[in-house]
Amino acid sequence: MAEDTESQNQGKDASPPADDGEVISLEDLDQIIAEEDPEFSQQMKQISEDDDLKKADLEVMNLDENVEGEVAEEEKSTFIDKYPRLKKLINPLFKIKAFATSGILSLVDRFTDGIMNSFYWLKKDSPAKLKELLGQSKKWLKIIVDKVKLRIDLWKKVPKRQKLGYFASVVAILAVGVLVKSTLHEGWLPEITHPLLKSLEKPAEYVRAYDVKKDVVRLYDAFPQPEDFFQLPKIVVNLRRVRPYENPMAAAEVYLEVDSNETAVELKDRVKQVLDVLERTVEGFSYGEIRSISGKAKLKANIRYNINEILNQGRVTKVYVRNLILKP
């Protein structure tokens, strides 16, 4: 009994041989499924006998092809397609690139067409044009030669006296031209006095260059002297009228800093003239100009310049305003 049970178990567990090179038929596959899983085999049999499934339209799909198509579509979608906002920003650049490329290609086409047209003209039209140009040149040259011959014949018929008159006229015109040129530029008449020297560079034994900022000293600073001050009397003047100021006036006391005592003595001797210059200078300013800082600086500069214009020696170096009273 033990041997029979063992042989039955071995028969139950045994499966038909399936070598690597052997093909299993559908009947053998059904038999293997029935022996291994009778329940699954029964379900498959019921499905095959179902009339609704037999009438249904079935579509065969290749899963491998669908997977490959989806992968290919994913590979085709670029980085820019995944970000629409970035695509909107970059699209104008692509349009500019395409426009520039089309423009360059059009220029290349025009240049190529021009070269081809030039070669075509040289090959086809240029010989006829050259022949026409040579013909016209010969025609004009013949006309010129005929006119020259005619002029020579007419000149030969002119009397000798008339020819000498023409020749003398030409010589006289040339002589007058040379004389005018010599008079305007170099001069041909003897000079009674020597001309004034425009520069000492030619008669000098040597020439030296000076740096204006380092080597040159102002004349009044070359011989410095003790500075002195001079006080002018108080002045009261009317200022220049400018709306809305109807009757502006100014009262001022001015001190002058001079370069030497001699200049102060001259100012004392000519104080009335200096006061007149001072008053005329202040009267040229308006209330608004003297009131501003820049106007006061301009007033001092004008006073110094105008007083220096009337001095015989020395100069005013600085102007100080001790008191300044303004009435609008």
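Work out the FRET efficiency for residue 255 and residue 207 from their Cβ-Cβ distance, taking R0 = 51 Å, and round it to the nearest 0.05.
On the way: r = 46 Å, r/R0 = 0.89.
Between residue 255 and residue 207 the formula returns 0.65.
How much length is gained if the chain between residue 309 and residue 161 is pulled fully straight, taking 0.36 nm per residue apart and subtracting their Cα-Cα distance, in nm to one decimal?
Extra length from residue 309 to residue 161 when fully extended: 45.9 nm.
Pulled fully out, how much extra length does the chain show between residue 198 and residue 34, if you take 0.36 nm times their separation in residues and subtract their Cα-Cα distance?
45.4 nm
Could you give me the ³J(HN,Hα) list for segment 207-214, computed from phi with Karplus coefficients 6.51, -1.76, 1.60 and θ = phi - 60°, whole Hz, x at Gly and Pro?
Rounded to whole hertz, the list is 10, 10, 9, 10, 8, 4, 7, 9.
So how do 132, 279 line up by other beta-carbon neighbours within 10 Å, fewest first?
Fewest-to-most ranking of 132, 279: 132, 279.
Net charge near residue 132: determine it from the other residues with C-beta under 13 Å of the C-beta of residue 132, scoring Lys and Arg +1 and Asp and Glu -1.
+3
What is the sum of charges around residue 283, taking Lys and Arg as +1, Asp and Glu as -1, for the other residues whose C-beta is under 15 Å from the C-beta of residue 283? Write down the numbers at each step before the final one.
Working: positive: 240, 241, 280, 298, 327; negative: 276, 279, 289.
Combined, the nearby Lys, Arg, Asp and Glu give +2.
Would you mind ranking 317, 183 by Cβ crowding within 10 Å, fewest neighbours first? Could the numbers behind the result be given before it?
Values: 317 15, 183 11.
So the ranking, lowest neighbour count to highest, is 183, 317.
Which whole-Hz couplings ³J(HN,Hα) result when phi for each residue of segment 165-179 is put into the Karplus expression 6.51 cos²θ - 1.76 cosθ + 1.60, θ = phi - 60°, listed in order with x for Gly and Pro?
Once rounded to whole Hz, the list reads x, 4, 5, 5, 4, 5, 5, 5, 4, 5, 5, 4, x, 4, 5.
Are there trypsin sites (Lys or Arg not before Pro) in segment 197-268 that DSSP puts in a loop and that have at most 10 other Cβ atoms within 10 Å, and which ones?
Of the trypsin sites (Lys or Arg not before Pro), the ones in loops of segment 197-268 whose Cβ has at most 10 other Cβ atoms within 10 Å are 198, 208, 213, 214, 218.
Rule-based calculations on the coordinates, nothing more; no lab input. Being a predicted model, the structure only gives us computed values, none of them experimental. All Cβ positions, glycine included, derive from the backbone under ideal geometry; neighbour counts span all protein chains shown.
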